[in-house]
């Protein structure tokens with residue numbers, strides 16, 4: 001029980017680490033919203049993997065390498081996937097709704113859906129990316145306006 005609680009606390013803390021860097025990332029974007037996510041001050045592992053606007057909602061997806069911390073906790077996950085949503089007109093964060101992720105690996109196999117949990121302004125989950133190569137991330141969402149949206153991103157793990 002103590003180990004499970006320690007792991008839960010570690011996962012929660014890891015999920016919050018990228019928030020400061022993301023806030024810095026948002027503050028450094030140009031007025032046109034064309035930040036490229038290369039500002040990695042203090043968070044070398046976090047990568048912006050894409051941003052898309054669908055039906056009035058902007059989604060911005062990030063990956064954070066958490067392999068070492070997870071290994072220390074005895075867990076197999078290697079990355080924290082996170083997505084932030086905002087109303088594209090008002091720029092207000094959208095923090096409520098149901099969100100799930102499906103990952104297709106370099107071998108072409110698609111895993112089972114993973115529920116993304118709302119946490120401190122983003123939705124996220126720890127996932128395992130085992131092999132080098134291109135991954136496809138499909139994020140399905142049903143946000144408070146009750147519309148279904150699907151965001152797709154790709155990332156090459158080197």
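Output the number of residues of the range 132-157 satisfying the condition of being farther than 12 Å from residue 63 by Cβ and either modelled with pLDDT under 95 or assigned to a strand (DSSP E or B) (or both).
Residues meeting the conditions: 13.
Name the strands (runs of 3 or more DSSP E) wholly inside the range 38-128 in which the number of residues that are under 10 Å from the mean Cα position of the chain (by Cα) is 3 or more.
It comes to 46-54, 57-65, 79-87, 122-127.
Each row is one residue, and each column tells you yes or no for (1) over 21 Å from residue 47 (Cβ atoms); (2) in contact with a helix residue (DSSP H, G or I) (Cβ under 8 Å, 6 or more places away or on another chain); (3) in contact (Cβ under 8 Å) with a residue 12 or more places away in the chain.
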residue: 88; (1), (2), (3): yes, no, yes
residue: 92; (1), (2), (3): yes, no, no
residue: 98; (1), (2), (3): yes, no, yes
residue: 105; (1), (2), (3): no, no, yes
residue: 114; (1), (2), (3): no, no, yes
residue: 119; (1), (2), (3): no, yes, yes
residue: 130; (1), (2), (3): no, no, yes
residue: 133; (1), (2), (3): no, no, yes
residue: 136; (1), (2), (3): no, no, yes
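Residue check, residue 46 against (1) at pLDDT 50 or above; (2) in contact with a helix residue (DSSP H, G or I) (Cβ under 6 Å, 6 or more places away or on another chain); (3) farther than 18 Å from residue 153 by Cβ, all met but one. Which one?
(3)
The values are calculated or read from the model by the stated rules, or taken from the named source; none is laboratory data. No experiment lies behind these values; they were computed from the predicted model shown. Please note: Cβ atoms are built from the backbone with ideal geometry, for glycine as well, and neighbour counts cover all protein chains shown.
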